[in-house]
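A short worksheet on the structure shown next.
The values are calculated or read from the model by the stated rules, or taken from the named source; none is laboratory data. Remember, predicted model here, so these are calculated numbers, not experimental data. Cβ atoms come from the backbone with ideal geometry, glycine included; neighbour counts cover every protein chain shown. All accessible areas refer to the heavy atoms of the entire protein, side chains included, with ligands and DNA or RNA removed. Shrake-Rupley method; radii C 1.70, N 1.55, O 1.52, S 1.80 Å.
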Amino acid sequence: QVQLVESGGGLVQAGGSLRLSCVASGSIDRINAMYWYRQAPGKQRELVAHITSGGSTTYADAVKGRFTISRDNAKNTAYLQMDSLKPEDTAVYYCNAVVASLTTAAWGDYWGQGTQVTVSS
């Protein structure tokens, strides 16, 4: 099995920064794309940022220029550096990854449990 665990969320004032981490563990052969999503109360989950295995990135318009996604393939870890945070960034942030399992040789889509980010005005 594969597990994703996010960390780094918390309460921060507007204009502040947080760095989220997502560590993948378990029976991992390789990881393809990694994603960060967020879901605010009463809203649908939305894609925030995406990074390929080769390091290419895409961002939602709402976070361009403020958030940076990166990954350390040796550590099976993705990061989301969030700067100039706004109250509207308040949400539960989820990590998602496409992972090939060592045991089944099959690709699977895995999610973390989420980490709360709250930005006060």
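Descriptive notes on the structure:
- Any hit, the stretch 86-93, residues being under 20 Å from Val12 (Cα atoms) and among the acidic types (Asp, Glu): yes
- Selection status of Tyr37, in contact (Cβ under 8 Å) with a residue 40 or more places away in the chain and aromatic (Phe, Trp, Tyr): yes
- Checking Asp29 against (1) closer than 30 Å to Thr103 by Cα; (2) without any contact (Cβ under 8 Å) to a residue 12 or more places away in the chain; (3) open to solvent by 60 Å² or more (accessible area, probe 1.4 Å), the condition it does not meet: (2)
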